[in-house]
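The values are calculated or read from the model by the stated rules, or taken from the named source; none is laboratory data. These numbers come from a predicted model, not from an experiment. Neighbour counts run over all protein chains shown; Cβ positions are idealised from the backbone, glycine included. Please note that ligands, DNA and RNA were not included when accessible areas were found on the heavy atoms of the full protein model with its side chains. Shrake-Rupley method; radii C 1.70, N 1.55, O 1.52, S 1.80 Å.
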2 protein chains.
Amino acid sequence: VGAAHYAVVSDAHVGPLHAARVHAALTAAGPASLHLVPAGEASKSRTRWAELTDALLAAGMGRDGCLVALGGGVVGDLAGFVAATYMRGVPLVQVPTSLLAMVDASVGGKTGIDVPAGKNLVGAFHQPRLVLADPDVLATLPLAELRAGLAEAVKHGLIADADYLAGIEAEADDLLARNPAVLERLVHRSVEIKAAVVGRDPLEAGERAILNAGHTVAHALERVTGYELPHGLAVAVGLVVEARAGESAGHTADGTADRLARVLGALGLAAAPPAGTDPEAVLAAMATDKKGRGGRPRYALPEAPGRMARAADGGWTLPLDEAHVRSALDHARTGLSAGPADV
Amino acid sequence: VGAAHYAVVSDAHVGPLHAARVHAALTAAGPASLHLVPAGEASKSRTRWAELTDALLAAGMGRDGCLVALGGGVVGDLAGFVAATYMRGVPLVQVPTSLLAMVDASVGGKTGIDVPAGKNLVGAFHQPRLVLADPDVLATLPLAELRAGLAEAVKHGLIADADYLAGIEAEADDLLARNPAVLERLVHRSVEIKAAVVGRDPLEAGERAILNAGHTVAHALERVTGYELPHGLAVAVGLVVEARAGESAGHTADGTADRLARVLGALGLAAAPPAGTDPEAVLAAMATDKKGRGGRPRYALPEAPGRMARAADGGWTLPLDEAHVRSALDHARTGLSAGPADV
């Protein structure tokens, strides 16, 4: 990606580890600037978006510049939205440094920021020109973040490839030990699955919605915990809760939720929301989910591991009676079934 | 455009004239909401964009909603940018009520807001699903705004159709008298010219830049006047100044600037910047124009009426030595030539 100005965006965690090297390499190629934002979801705000835009304008970057997002999902989403809206769009290169960003956030062109009403409610589709993923940088990734990325890989197995799901379970220990070859294979297969789905439906008119498996519940959990619960960990809970609700509603094969809970457990991922989470608050938060239609939340539900359920009209998301979701949330909190459908 | 929620965005001038009717018609079709912003360029701000977005979220509009921009260019640009970024994009219907918006702003998918560093520096390409232009509403348009729209029509003649330019001059009196048939023909031909250019180059990778004829100078004039000078009137000045600079630089046929000044004059449009405008401030403002490359402003210049000049590399914009632009600005201010090239 040739450009008259490279603007590297990174955060306070990743910057010290990698940004100087990347910035120096780009400076050798021409004008470059480095922009650091605080680490954490709170940086996905309108305020940071405006500040970053103004900093690029002050640095004199024109339409012939290029943004380089060096970091995890937060940096990618924020820098991506800046790139999407800077002078009506400038090229973007994603350099994901977390497993979550490598297998998920950096691929597919979704960018966005959070607003008081919810996460990612403002954003744009803006495909990166290039994604550079180097699994070696995962050696320094905190374990909790490694697990968060593995949750999305489990999702990829669930939605598209039962063998991949089984492989993740079988190789759980190697993955947690950061065996480079095993991690590289995982990144490769996850990107392959995601890119195939996105390639068939880039703007989420239909099938792409299956990538939101677990996410209706996950986003609500993140909101009610004030985004204290990391995205990947919320997805782990969401996958199990939505599968269990799908089972009781008759869309999902019995045993799918327990199977998911086992795989996630092998990776050290909890299938229960944080202690003290109020299920009614979670249900209320879902009512304004942007995947909803006419104010009713929609869910991308598995039919069975490796295969997604279809709506009667051919669509890829379904509504669920609130009772099924409430019961599944209760099961996740207490480990107890609420009714006969939850055997 | 079928949608679960129609959100009509209008301003304090247009709203009282037309919004109630449009809103009532849409309410009959399903849930609808009406959102008014203050009239004027100042509404193209990050603050209004955020407020409008939050109002739509509060109104419960989902991804299956649709924005209806009812007004002039400001409403179209602002509502368009909200539509482009609301949940990563929702459909947009443009209902332009000014001549400027009918012949220019509502066609082609450019949306944007202003930031302290300049106009339209933040935005996105977001094509409307539908543009509904009713020339009858022009009966109530203030004369200055009618003229502002005619300036863009003159630009369309300049860049693509010398006969159209001649026709505008010949029918100037009918246009100013708002002869409905003559106005309708003008809207039709201008949209035809613009749509053809945009259709060949939707993302402004090349040829679309010719629609920026006059605009490098115009945007700078708007900035140095604190956006007191309306866009269309700034374009009128910009067309003449850029053509004259193009003549002295040898890109533009002699007489083009004077010809443009005559046509604009017949429409009651001044070819001179407002009294007291500092040419050096205009030149400084152009240095950060987003059409620039490597910090140097670019210009879409006529070769002659109806035909645009090409760069040596085939591109559609050219740089100009500052001396030519300074001299052309001086000519516009004083009516006097600064040097032998300006005979």
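What to note about this one:
- Odd one out for residue B:64, checked against (1) open to solvent by 30 Å² or more (accessible area, probe 1.4 Å); (2) at pLDDT 95 or above: (2)
- Search result, residues across the stretch B:292-303 that are closer than 16 Å to residue B:259 by Cβ and either at pLDDT below 95 or open to solvent by 30 Å² or more (accessible area, probe 1.4 Å) (or both): B:303
- For the stretch A:165-184, the criterion of a residue being within 15 Å of the chain's Cα centre (by Cα), modelled with pLDDT of 95 or more and not small (Gly, Ala, Ser) is satisfied by no position.
- Considering (1) part of a strand (DSSP E or B); (2) within 14 Å of another protein chain (Cβ to nearest Cβ), the lone condition that residue A:34 does not fulfil carries the number (2).
- Of all residues making up the stretch A:185-229, the number that are modelled with pLDDT under 95, touching a strand residue (DSSP E or B) at 6+ places or on another chain (Cβ under 9 Å) and among the hydroxyl-bearing types (Ser, Thr, Tyr): 1
- Against the test of being crowded, with 24+ Cβ neighbours inside 10 Å, over 22 Å from the mean Cα position of the chain (by Cα) and at pLDDT 95 or above, the options A:99, A:92, A:56, A:70 yield a single qualifying residue, A:56.
- Residue satisfying condition, being more than 15 Å from residue A:239 (Cβ to Cβ) and either open to solvent by 30 Å² or more (accessible area, probe 1.4 Å) or within 13 Å of another protein chain (Cβ to nearest Cβ) (or both), within set A:270, A:284, A:266: A:284
- The condition (being at pLDDT below 95, surrounded by 15 or more Cβ atoms within 10 Å (Cβ to Cβ) and of a type in the set (Val, Ile, Thr)) is satisfied by just one residue among A:8, A:14: A:14.
- Restricting the stretch B:42-69 to residues that are among the hydrophobic types (A, V, I, L, M, F, W, C), part of a helix (DSSP H, G or I) and more than 23 Å from residue A:317 (Cβ to Cβ), the residue that is farthest from the other protein chains (Cβ to nearest Cβ): B:42
- When the stretch B:158-192 is filtered for residues that are buried (at least 17 other Cβ atoms within 10 Å of the Cβ), among the aliphatic types (A, V, I, L, M) and more than 18 Å from residue B:148 (Cβ to Cβ), only B:160 remains.
- With respect to the stated conditions, residue B:112 is open to solvent by less than 10 Å² (accessible area, probe 1.4 Å) and either more than 13 Å from chain A (Cβ to nearest Cβ) or at pLDDT 95 or above (or both).
- The single condition among (1) in a helix (DSSP H, G or I); (2) open to solvent by 30 Å² or more (accessible area, probe 1.4 Å); (3) closer than 19 Å to residue B:310 by Cβ that residue B:251 does not satisfy is (1).
- Residue within the stretch B:118-134 that is more than 14 Å from chain A (Cβ to nearest Cβ), free of Cβ contacts under 8 Å to residues at least 40 places away in the same chain and open to solvent by less than 20 Å² (accessible area, probe 1.4 Å) present: no
- For residue B:257: the one exception among (1) open to solvent by 20 Å² or more (accessible area, probe 1.4 Å); (2) touching a helix residue (DSSP H, G or I) at 6+ places or on another chain (Cβ under 7 Å); (3) part of a helix (DSSP H, G or I); (4) in contact (Cβ under 8 Å) with a residue 40 or more places away in the chain: (1)
- Every condition in (1) closer than 22 Å to residue B:129 by Cβ; (2) open to solvent by 10 Å² or more (accessible area, probe 1.4 Å) holds for residue B:75 except the one numbered (2).
- Residue A:342, sole failed condition from (1) away from every other protein chain (no Cβ under 14 Å); (2) open to solvent by 20 Å² or more (accessible area, probe 1.4 Å); (3) at pLDDT below 85: (2)
- Scanning the stretch A:41-52 turns up at least one residue that is open to solvent by 10 Å² or more (accessible area, probe 1.4 Å), closer than 30 Å to residue A:281 by Cβ and of a type in the set (S, T, N, Q).
- Filtered residues of the stretch A:21-31 (kept if in a loop (DSSP other than H, G, I, E, B) and either among the charged types (D, E, K, R) or surrounded by fewer than 17 Cβ atoms within 10 Å (Cβ to Cβ) (or both)): A:30
- Within the stretch B:70-99, being more than 14 Å from chain A (Cβ to nearest Cβ) and touching a residue at least 60 places away in the same chain (Cβ under 8 Å) holds for B:70, B:71, B:72, B:73, B:74, B:75, B:79, B:93, B:95, B:97, B:99.
- Enumeration of residues in the stretch B:272-308 that are outside any strand (DSSP E or B), within 21 Å of the chain's Cα centre (by Cα) and of a type in the set (A, V, I, L, M): B:272, B:282, B:283, B:285, B:286, B:287, B:300, B:301
- Condition met for residue A:246 (in contact (Cβ under 8 Å) with a residue 12 or more places away in the chain, open to solvent by less than 10 Å² (accessible area, probe 1.4 Å) and in contact with an Asp or Glu (Cβ under 6 Å, 6 or more places away or on another chain)): no
- Filtering B:240, B:217, B:198 for residues that are in contact with a Leu (Cβ under 9 Å, 6 or more places away or on another chain) and within 14 Å of chain A (Cβ to nearest Cβ) leaves a single hit, B:198.
- Scoring residue A:306 on the criteria (1) closer than 26 Å to residue B:64 by Cβ; (2) open to solvent by less than 60 Å² (accessible area, probe 1.4 Å) leaves a single failure, condition (1).
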